[in-house]
Structures are given as C-alpha cells and as structure tokens.
C-alpha cells in the first residue's frame, strides 16, 4: 500500500517537478506514521536521480544555489523545532502561509525569481520538509515561470542536495535510525515506477500547463498539510 501511494506521488513529481510527498504522506501516515519524514525522504533519493537523469540537459546546479543555501539553514532549525513544537501547530502555520502564497501567485502578484527570494524559499522549504514532509512548494512557487523541463531539472537538483542535508540533520537529531532507513529502501520500487510513468504526463504539461500545475499542486499541498494538522 505504501509503494502504491508513492507510485502515485512520483508520477506527480516527475511531471510537475515536485509533489510526491503531497500525494503519498497522508496515506503513509495512516499506514505507519514512522514512515514520515525519514523513511519517505530516504526513498525519494533514487526517484530524484531518475527524474534528473531524464531532464538533465536543462538548467544547472548553480541556478538553485541560493535555495540550497537557505535549505542548509532551514533543515537544522526544523529538526530542533520538531523536538520542541507539535507537528499540528507547525502544520497549521505552514499550511496557511503556503496557501496565501498560492492565492497571491494565482492573482496579480507573483514572487520574482531573485537570489533573495530563492534563499527565503529554500529556508522555508528546508524547515517544512524536515518538519511536515512537504518541502517542494515554496521553491516551486518562486520558479513557477520556468519552462517545464527546466523547472523539473532544477527542482530535482535542488531536492537531491536538499535531501542529503535533511537526512543528515535527521540522523544527527536521532530521527533516522537503521529501521527507518530500511523501511525507506523498501519504498523505492514504487517511486521508481512512478518516475518512469511520469514522462507521458510531463509531455502534456509542457504544452503550456507547467505553471498552472505548479499552483494547483502547491495549493493542494497547503490544504493537505492543514487538514492533517487540524485533524490530528
């Protein structure tokens, strides 16, 4: 069941550039809360490699340097806050902020893809990815104007380096033991199948639907995070 949830999530991420945890996390929490965030993040590494291998000709790592610098700060803060503050409170706060950003972006106001905004988005992403398992939307909103393949390739680069940062800090914080790593490896097949299936969906979104898809998935992320927090 967990692999099926991640298969669906990887299909979304491979097409839009992010969203695997949005789709999978609600089901993973029901199946086994200990799968989130550590095991799910472990399983995401091969998926990110598979998506980047497909779109590697587009973009470059330097373009997401500032978001990664922000993530390096946000991730450890998230680990320490996770110990002190309930995930319900964090979920409500992050869900409201994200939903506000989506609504603003869908209207007349949009976040410009500057170094400063990339750094801020990366910091929020590192924090939210480590605490509630959903870190893609903040960065995706900043770069929503990029063409589909370019957006997916750079988000994959961002996530791969960012995953290493988050997993390191989760390990330091005692939130990533051998059992969670093993459970993450068991979830890899579903993510790899989803990444393979996503190519057809990506081809459709690349016909001018990449930005609307980013906003839809980001908005859904906010709603899911809120519902999880309020329902706990």
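The numbers here are math on the coordinates, done by the rules we state, and not lab data. Everything quoted here is computed from the prediction, not taken from an experiment. For neighbour counting, all protein chains shown are included, and Cβ atoms are generated from backbone atoms with ideal geometry for every residue, glycine included.
A few notes on this one:
- Between residue 227 and residue 73, the distance separating the two model label sites (each 7 Å from Cα on the Cα→Cβ line) works out to 3.4 nm.
- Gyration tensor (alpha-carbon) shape descriptor, segment 79-232, a/c threshold 1.5: oblate
- Label-point gap, in nm, between residue 53 and residue 96 - each point 7 angstrom along Cα→Cβ: 4.4 nm
- The separation of segment 73-94 from segment 1-41, counted between C-alpha centres, amounts to 20 Å.
- Cα gyration tensor shape of segment 153-209, rounded if a/c is under 1.5, else prolate or oblate by comparing a/b with b/c: oblate
- For segment 62-161: rounded, prolate or oblate by the Cα gyration tensor [a/c cutoff 1.5]: oblate
- Label-reachable residues, segment 192-230, where backbone N falls under 14 Å from a point 7 Å from residue 27's Cα toward its Cβ: 192-195
- Within a Gaussian network of the chain (alpha carbon springs, distance under 10 Å), most fluctuating of 199, 126, 148: 199
- Only Cα pairs under 8 Å and 6+ residues apart enter the sum, and on that basis the relative contact order of the chain stands at 41 percent.
- Pairwise FRET efficiency - residue 181 versus residue 88, Cβ, R0 = 45 Å, nearest 0.05: 0.95
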